[in-house]
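Derivation of every value follows stated rules applied to the coordinates shown; laboratory data play no part. Here the structure is a predicted model, which means the values were calculated and not measured. No Cβ is skipped: glycine too gets one built from the backbone with ideal geometry, and neighbour counts run over all protein chains shown.
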Amino acid sequence: MRKNVFGRQFSRDTNERKSLFKSLISALILQESIQTTLEKAKAIKGDVDKIINQAKRGNERQAIQLLQRSLGVEALNKVIKDLLPRFKDRTSGYTRIIKLGRRFSDNAAMVVMEWVVKPEIKNEKLKMKNDVKKLLAGKIEEKQKAKGKVAKK
C-alpha cells in the first residue's frame, strides 16, 4: 500500500529523481521549451511555478538559495533578467503543455512544455523584412508602369 506517499517515482531513487528534475527545469529555462513525457512534465510543473514565484516575491535570499540548489548559474541569471519581467502580470500558470502523441518505441505520451508568455521579438528584424517587401512591391509597380507606358505608345 502507498499511504502518504506523494509524487512520482519514475523507477529511480531519490538522488536520480532530483537530478532528473533539476536538469529538466534548467533545460526549460535555458531553451524556452522542452520535449519530454507527459508524466515528467506534470512532475516538474509545480516546481517551476514555485521557482518563479519565489524569485518574483523579492525574497532575494530565499529565492537565490532555492534557485542555486535547483539550477545552475546561467539558468539563475536568465530567470532574474529575462523571465521575471515577462511574468510580472501573472500570478501562476507560467508553463503550457502541448500533447504531441505517443512515442513509437514504448508508447509513452510525449509533450512539448514551454512558457506561456513568449519573448518579445526585436522590431529591427520585422522592420527589415517589411522594408524588403516594400522594395519588392515598389519594383513590381515600376515594372507595371513601364509596361503600361510602352503599350500606350
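Key figures
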quantity	calculated
Simple spin-label estimate for residue 4 and residue 17 in nanometres, 7 Å along Cα-Cβ	1.6
Stretchable slack from residue 106 to residue 53, in nm (0.36 nm times residue separation minus alpha-carbon distance)	15.5 nm
Highest-first arrangement of 4-11, 32-39, where packing means the average Cβ count within 10 Å	32-39, 4-11
Given 50/99; 18/99; 45/88; 3/50, the pairs whose alpha carbons are separated by over 20 Å	50/99; 18/99; 3/50
